[in-house]
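Inspection log for the structure reproduced underneath, given as structure tokens.
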Amino acid sequence: MRASIVATLVALMLAGAPAAPAQTGGTATPPLSVFSYPMSGWMDTWGPASQGYDWTVRKALGDLVDLATWTPNVANHPLLDPELGPFITLLHEARVWRGITRLASNTVPANAVRLVKFYSSGWAIQVKDANGDPFAIMVDFSDGPFAPGPGAPGLVPLTPPQLDALANQLDAYFISHSHIDHISPYLMYRMLLDGKLVVAPLEVKIQALLGGYPNAQNIVSPSTSAPIQFGPLSFRVFSGWQYGSFLDPAQTIPDPNDPFNVQNNAYVFQMNGATIAHFGDNNDPGILTFSDDLMQTGWTPDICLNLGSYYTALGNLFQPQLRFHSHDLEFHHFGNAFLLEQISQAGPVNLRRVLFWGEYMDVVP
């Protein structure tokens with residue numbers, strides 16, 4: 001029954017692109033954006049813990065998101081499409097509110113870590129501290145490249161009140177690098193204004209100082225990989241780079257003159273018995289030495305959120321309990337939403353998990 005209902009809604013949704021013009025005595029086809037919030041509801045109905053028949057429905061929903069949000073690699077930004085743009089941005093708005101609600105619910109089990117997925121490579125990690133109060137950090141949250149303009153009046157960007165509500169739930173904001181799909185300038189502003197911890201590469205700190213951000217001098221830019229303690233969180237940082245290109249086929253000699261080069265911090269967190277890695281878009285060969293040191297000092301990640309270009313090698317090295325997928329629904333780089341990912345059925349360990357925006361998973365280490 002569920003599958004037939006979803007199939008019917010899918011047919012209606014796909015029929016709405018493009019919308020048919022209104023006709024006298026007839027009914028216009030509803031615009032695609034009408035189905036943004038229903039799509040959000042379907043995501044909540046068949047969540048990441050779905051198994052058996054429910055998992056089959058979830059897999060179909062993931063394939064549907066790919067189809068409905070596929071963005072061709074064209075010169076103009078795909079979100080300028082008058083149907084696709086409003087649909088995706090309204091879906092994003094709905095899912096960010098859902099993620100904020102997850103963090104505000106304070107229902108994370110005392111012995112677990114809650115992982116909440118946001119746009120592209122954004123992840124919130126929440127635990128309860130020794131007093132039973134929620135403690136949450138955010139890594140690489142981005143507003144999404146959804147800014148409206150004269151050519152795209154139908155886009156729905158995140159608003160300051162929405163980002164204020166998110167900042168209220170966070171104790172710290174970690175930024176891997178300055179690319180717009182990994183940073184939210186407003187969220188950074190709000191966290192600094194509230195005197196909360198912001199950790200970022202020195203390059204980002206300098207940009208914030210030059211931009212006049214309040215308390216920008218308080219941005220933490222570690223120059224050592226020694227553990228740093230902050231409340232119930234202990235973290236280590238590898239201060240590396242995302243290189244635009246390399247001078248050798250083995251990708252071990254970076255091109256120093258490539259304008260795409262940016263500083264990139266790799267982070268490893270220890271919270272509530274879990275060791276969690278988020279390396280941003282790091283493709284610095286030095287990450288291999290750092291990772292060896294992690295293995296030798298009791299910091300082997302058992303949850304990997306994003307491992308950059310060395311994903312396969314580091315995944316094989318760490319052998320994590322769970323591997324999550326990042327750079328999904330990533331319209332800044334165009335292409336498919338989930339890159340036609342095969343969503344792994346819940347149950348066995350060492351399977352990649354794909355979470356939609358705003359979804360969460362509670363993991364007991």
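The values are calculated or read from the model by the stated rules, or taken from the named source; none is laboratory data. None of these values were measured; they are calculated from a predicted model. Because the Cβ atoms are built from the backbone with ideal geometry, glycine has one as well, and the counts that use them run over all protein chains shown.
Points to keep in mind about this one:
- Residue in the range 188-195 that is under 19 Å from the mean Cα position of the chain (by Cα) and either in contact (Cβ under 8 Å) with a residue 60 or more places away in the chain or within 24 Å of Phe260 (Cα to Cα) (or both) present: yes
- Filter result for Ala124 (free of Cβ contacts under 8 Å to residues at least 40 places away in the same chain and either under 14 Å from the mean Cα position of the chain (by Cα) or in a loop (DSSP other than H, G, I, E, B) (or both)): no
- Counting only helices (runs of 4 or more DSSP H) that sit wholly inside the range 1-83, those with at least 1 residues that are more than 24 Å from Phe118 (Cβ to Cβ), at pLDDT 75 or above and of a type in the set (Val, Ile, Thr) are 52-68.
- Residue within the range 236-255 that is within 20 Å of Asn306 (Cα to Cα), charged (D, E, K, R) and surrounded by 15 or more Cβ atoms within 10 Å (Cβ to Cβ) present: yes
- Test: Ile343 is among the β-branched types (Val, Ile, Thr), modelled with pLDDT of 85 or more and surrounded by 20 or more Cβ atoms within 10 Å (Cβ to Cβ): no
- Residue match in the range 215-222 (condition: touching a helix residue (DSSP H, G or I) at 6+ places or on another chain (Cβ under 9 Å), at pLDDT below 95, of a type outside the set (D, E, K, R) and surrounded by fewer than 20 Cβ atoms within 10 Å (Cβ to Cβ)): no
- The residue that is nearest to Phe118 (Cα to Cα), counting only those in the range 154-172 that are crowded, with 18+ Cβ neighbours inside 10 Å and at pLDDT below 95, is Leu158.
- Of everything listed in (1) more than 20 Å from Arg114 (Cα to Cα); (2) β-branched (Val, Ile, Thr); (3) crowded, with 22+ Cβ neighbours inside 10 Å, the single unmet condition for Ile175 is (1).
- Restricting attention to the range 160-188, the residues being among the polar types (S, T, N, Q), in a loop (DSSP other than H, G, I, E, B) and within 23 Å of Gly231 (Cβ to Cβ) number 3.
- Selection of the range 227-256 for residues being over 17 Å from Ile287 (Cβ atoms) and among the aliphatic types (A, V, I, L, M) yields Ile228, Leu233, Leu247.
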